[in-house]
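Worksheet for the structure shown next.
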Amino acid sequence: MNTRKPLFQFGYRRSADQDRPSPARHPVIVVGAGPVGLCTAIDLAQRGMPVVLLDDADRIGEGSRGICYAKRTLEILDRLGVAETCLEKGVTWKLGKVFQRDDQLYAFDLLPEAGHKMPAFINLQQYYLEHALVERAAELPNLDIRWRNKVNGLKRRNDGVTLTIETPEGSYDLDADWVVAADGARSAVRGMLGLDFQGEVFEDRFLIADVKMKGDFPPERWFWFDPPFHDGRSALLHKQPDDVWRIDLQLGPEADAKAEQAPERVIPRLRQMLGHENFSLEWVSVYTFQCRRLERFVHGRVAFTGDAAHQVSPFGARGANSGIQDAENLAWKLALVIKGEAPESLIDSYNLERSAAADENIGHSTRSTDFIAPRSAQELRFRDAILALARHAPFAKRMVNSGRLSMPSTYETLLLTPDEDAWSGSARLGAPLPDAPMRNSTGQPVWLLEALGGEETLIHVPSAGPRPTGARVLVIGEDLIDAEGVFAQRFDATPGSTYLVRPDQHLAARWRHVASPLIERASRRLRGLEEKHA
């Protein structure tokens, strides 16, 4: 049930490609203008790629759907030019509480340290994120969004893909060197290639409701096991902008999905939970979920991202967050390949890195689901014993699983150069760089990740030895000033330390002291130019 009208609607426009006697050819076509497809297209366009983005709808804004966006996702959105808009509108939070019945078992803080530009999480209805991304896309002259352009045919070729596209004015064909399928869980592109998911389907049903009301609840994540207002089940509460609250209620596998969405069933449940009836329903849905993925995310010249490639349960906010990290991982690699600066085999590393990330997310998601919704009497007894112990025993609190929240993946592939030195601090090889407050060469405040942007970069701490050379070098103390010492602490930086950062801001290599040939080899390696045995 959806009582909110679509917030944003876009008109169909005829493209010049529809009037050509033969199919126009484009370097890359992205299918699906949800958050993942929009992020992919914007990232590619910012890297100088002409992009066509196709979507079969003409609107966004039907139901809030995804709402929780994690720190790493916000850092990506910042580089894409939309984070400020999202932060202004969104509800910032970092604290969570877990209850059993009326008793609080424990609380947690997802960002206990200062010195980061982005918060741990924001809650923001998906339609607001999509609208910000659409507005950003409209600012990029090399990004062409085509609404009501539905892909209904696909033919693979050795050097690309031919798509058949249905519009209100008839069908036309397009040729693409590469296609990015970001068309969601029911991906038409996946179906056209005859691909299927592997994994697990869960039987339990959950009610999800967006409720508009004035509430005194703080901007925190509250999760209940066996709450007094919903005996024997679980419940989740999140605050969103516009006085809208997201409520999830476990219903059980036997629930009738259609009947449970009826207002006469929903409203009494919410009245019991909230203790009043001064609310209105914005959006209601009943869902089951899967923890599944494609065996491979790349098939010839077609790459799958987001829900088109993998699906997880909503516990832990791993869906949109992992999809946007897919987009970032793929975009820089695809741009280098199209420009001829990296071999086509570099795209295989997208499959390796992001399928491993999907396995990690699916593992967390499956364990959360098994704890929240036990499927046997034995699992239920184990869960209840852990909850009982958690009231008094710190070790048991760590075993309570109400949804391990989204964290960025640390990659372990041949694009990285293994450490030869010992390192401490929070920076990890293969992981996104931790942010740090800095000052630029004129003394103005700047954040480390802002300064990096989306280019391959060397960060160097000067010493008496020779300075490294590379495509782009930021020298600590000159280009960036570590006035608060946070960079030195997080990166275990000493004179001579040098860090090679990938275009997606993951740490590719680091050395205490380094010669230029090692840097060149590591740079070639992160672009897939080194031999596999290197």
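The values are calculated or read from the model by the stated rules, or taken from the named source; none is laboratory data. Since the structure is predicted, the reported quantities are computational estimates derived from the model, not experimental observations. Neighbour counts are summed over all protein chains in view; Cβ atoms, including those assigned to glycine, are modelled from backbone coordinates with ideal geometry. When the accessible area is computed, the model is the full protein with side chains, heavy atoms only, and any ligands, DNA or RNA have been set aside. Shrake-Rupley method; radii C 1.70, N 1.55, O 1.52, S 1.80 Å.
Structure notes:
- Gap separating the Cα centres of segment 206-241 and segment 451-470, nearest whole Å: 48
- Distance (nanometres) between label positions extended 7 Å along Cα→Cβ at residue 95 and residue 155: 6.2
- In this simple spin-label approximation, residue 102 and residue 285 carry label points 7 Å from Cα along the Cα→Cβ vector, and these lie 3.5 nm apart.
- Prolate/oblate/rounded call for segment 40-99, Cα gyration tensor, a/c under 1.5 rounded: oblate
- Projected label distance in nm at residue 370 and residue 428, using a 7 Å step from Cα toward the beta-carbon: 2.2
- Accessible area, probe 1.4 Å, largest first, for residues 492, 231: 231, 492
- Max-minus-min Cα coordinates of segment 280-409 on each principal axis give 59, 40, 26 Å, with the largest extent listed first.
- Amide H contacts of residue 282: 210, 211, 212, each under 5 Å away and 5 or more positions distant or on a separate chain (H built 1.01 Å from N in the peptide plane; Pro and chain starts excluded).
- Nearby lysines by direct alpha-carbon distance to residue 397 (threshold 20 angstrom, same-chain neighbours under 8 apart not counted): 94, 97
- Mean separation of Cα contacts under 8 Å, 6 or more apart, over the residue count of the chain: relative contact order %: 14
- In angstrom, the C-alpha Rg and Dmax of segment 416-534 are 13.4, 45.
- Net length available on complete extension from residue 296 to residue 271 is 4.4 nm, with 0.36 nm assigned per residue and the Cα-Cα distance removed.
- The helix-only estimate of mean residue ellipticity at 222 nm for the chain, built from DSSP H runs of length n ≥ 4 each weighted as -39500 (n - 2.57), is -8500 deg cm²/dmol after division by the residue total.
- For segment 126-151, the residues whose backbone nitrogen is under 18 Å from a point 7 Å from the Cα of residue 8, taken along Cα to Cβ, are 126-149.
- Computed over segment 203-278: relative contact order in percent, which uses C-alpha pairs under 8 Å that are six or more apart: 34
- Share of Cα-Cα pairs in segment 44-183 lying beyond 21 Å, as whole percent: 59
- All-pairs Cα distance distribution in segment 169-283, expressed in whole percent, bin size 10 Å: 11, 32, 23, 18, 13, 3
- Using the Karplus relation 6.51 cos²θ - 1.76 cosθ + 1.60 with θ = phi - 60°, the per-residue 3J(HN,Hα) values for segment 75-80 come to 5, 5, 4, 5, 5, 7 Hz, with x marking Gly and Pro.
- Taking amide H positions as modeled 1.01 Å from N, with prolines and chain starts lacking one, the residues under 5 Å from residue 30 and 5 or more places away or on another chain are 52, 53, 54, 180.
- Once the chain from residue 57 to residue 135 is taken as fully extended at 0.36 nm per residue, the excess over their C-alpha distance is 26.4 nm.
- Calculated FRET value between residue 484 and residue 341, using beta carbons and R₀ = 41 Å, to 0.05: 0.70
- Our coupling estimate for segment 490-507, obtained by passing each phi through the Karplus curve with A = 6.51, B = -1.76, C = 1.60 and θ = phi - 60°, is 6, 9, 6, 7, 10, x, x, 4, 9, 10, 9, 10, 5, x, 9, 6, 8, 7 Hz, Gly and Pro reported as x.
- In order along segment 382-395, phi translates into HN-Hα couplings of 4, 4, 5, 5, 4, 4, 5, 5, 5, 5, 10, 10, x, 5 Hz, rounded to whole numbers, per the Karplus curve 6.51 cos²θ - 1.76 cosθ + 1.60 with θ = phi - 60° and x for Gly and Pro.
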